[in-house]
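Read through the structure below, which is laid out as structure tokens, and then see the notes.
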Amino acid sequence: MRPKIVFVGAGAVGGYLGGHFARLGHDITLIDAWPAHVEAIRAHGLKLSGLEESQNVTVSVPALHISDVQQLSREGPVDIAFISVKSYDTLWATHMIAPYLAPGGFCASLQNCINEPAIASVVGWGRTLGVIAGTYSGELLAPGEVMRTVPLGGTQRIVYAVGEPHGRITDRVTLIRDMIAEVDSVHATTNLWGERWSKLCVNVMRNGVSAASGLSGNECDRDERMRRLSIRLGGEAVRIGQALGYALEPIQKIDPAVLAAAEAGEMAALERAETQILATLAAGQRSAKQRPSMGQDIMKGRKTEIEQINGFVVAEGAKAGLSAPANAALTAIVGRVERGELPARPENIQGINA
């Protein structure tokens, strides 16, 4: 008997994976806070699209408003709850689904930033797992429509990672890994925290820069000022992650040591990092429509995760006695853009690299 699975948050990340799980016959229920999105899924199914023809499908899948979650008590307990909301919504989302978990049920963070501790504060560490969408990118285009904006991983790259906080490969890690493997490339990791921080570094480099500048991912990569700022941001995050003891993985195919050296002012390292960013751009590994999630949030007038991404690096650096001035400056700028005090424009980053 297949496990009963819910996705708390059915946007670009949760909607994509949950929709494809439903396509493959898994017992899936989507839960979302956007009423129009839920109603569109109920009326027409969830429309999924991507760069490959296999990604263009419409899936019939049960969808609940958050006000309907109580009906789960009549449908049997939940075995796996993927938490796939914005980081700042993690606590309430976990509290909402916790009463419906089976005795052996657990929650899996499928989010940006590092939210496993928040989930564990509600359900306990024994019921907390991490799933990292390492090289996935997508967008909730409209109610009932999710678009993937990067190719499938295939044999070229690993897109997802699944891991336990304690680092051992358990039956439930293997279960989720095998489910995701039906959709995209994935591996079971013994280094959840190192991979989490490495993905945080990617978000640190890309999300806030797009949000502040108003540029897409590819446009940021083409602009030397944006590239060099992203490298500085990533270098600060690497330096702090290393000080905190994380075993970091390559970040956008860049050795973490190279990012740290570039941030420290080594021109050869800066050139190596820029060369890799430009090589990825030239390889066409992102759609021209790809826009980091925080850039999408600004365009759609939503609250961003700047405090949980760049601001988090600043806060964690303070614990280690390290500063992250570029991340602090960008956090402040994106906050002003989010509040409507500044328009999103490239000029906003002037001075950060000075």
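The values are calculated or read from the model by the stated rules, or taken from the named source; none is laboratory data. Note that the coordinates shown come from a computational prediction; the quantities given were computed from them, not determined experimentally. In this analysis, Cβ positions are derived from the backbone assuming ideal geometry, glycine residues included, and neighbour counts consider all displayed protein chains.
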Of the candidates Ala81, Ala120, the one satisfying the condition of being small (Gly, Ala, Ser) and outside any strand (DSSP E or B) is Ala120
Name every residue in the range 22-48 that is within 19 Å of Val78 (Cβ to Cβ) and part of a loop (DSSP other than H, G, I, E, B), in order of residue number. Leu24, Gly25, His26, Ala33
What pairs come up if the first residue lies in the range 103-122 and is surrounded by 23 or more Cβ atoms within 10 Å (Cβ to Cβ), the second is of a type in the set (Phe, Trp, Tyr) and assigned to a strand (DSSP E or B), and their beta carbons are under 6 Å apart, counting only those six or more places apart or on different chains? Ala108/Phe82; Leu110/Phe82
Show me the strands (runs of 3 or more DSSP E) found entirely inside the range 140-221 where at least 3 residues are without any contact (Cβ under 8 Å) to a residue 40 or more places away in the chain, in contact with a Ser or Thr (Cβ under 9 Å, 6 or more places away or on another chain) and closer than 19 Å to Phe82 by Cα. 160-163
Among the listed residues Ile83, Ile66, Ile31, Ile97, which satisfies the condition of being outside the structural domain of Glu316 (by TED's automatic domain parsing), touching a residue at least 12 places away in the same chain (Cβ under 8 Å) and farther than 25 Å from Glu164 by Cβ? Ile66
When the range 322-354 is checked residue by residue, the ones that are under 19 Å from Gly235 (Cβ atoms), surrounded by fewer than 21 Cβ atoms within 10 Å (Cβ to Cβ) and of a type outside the set (A, V, I, L, M) are Ser323, Pro325, Gly351, Asn353
Please verify whether the range 159-173 includes one or more residues that are within 16 Å of the chain's Cα centre (by Cα) and polar (S, T, N, Q). no
Of all residues being touching a Lys or Arg at 6+ places or on another chain (Cβ under 7 Å) and surrounded by fewer than 20 Cβ atoms within 10 Å (Cβ to Cβ) in the range 134-166, which is farthest from Thr189 (Cα to Cα)? Just the residue, please. Glu145
Going residue by residue through the range 342-353, is there one that turns out to be touching a Pro at 6+ places or on another chain (Cβ under 8 Å) and in contact (Cβ under 8 Å) with a residue 40 or more places away in the chain? no
Neighbours by Cβ (under 6 Å, 6+ apart or cross-chain): first from the range 249-271, buried (at least 21 other Cβ atoms within 10 Å of the Cβ); second part of a loop (DSSP other than H, G, I, E, B): Pro256/Leu248
If we keep only residues of the range 300-321 that are under 21 Å from Arg228 (Cβ atoms) and either touching a residue at least 40 places away in the same chain (Cβ under 8 Å) or polar (S, T, N, Q) (or both), then the residue surrounded by the most Cβ atoms within 10 Å (Cβ to Cβ) is Asn310
Considering the range 123-156 alone, what residues qualify as being over 20 Å from Arg206 (Cα atoms) and among the polar types (S, T, N, Q)? Thr128, Thr155, Gln156
Out of the range 94-117, which residues are part of a strand (DSSP E or B) and among the polar types (S, T, N, Q)? Ser109
Complete set of residues in the range 68-107 that are in contact with a strand residue (DSSP E or B) (Cβ under 7 Å, 6 or more places away or on another chain) and closer than 19 Å to Ser293 by Cβ: Phe82, Ile83, Ser84, Val85, Thr90, Ala93
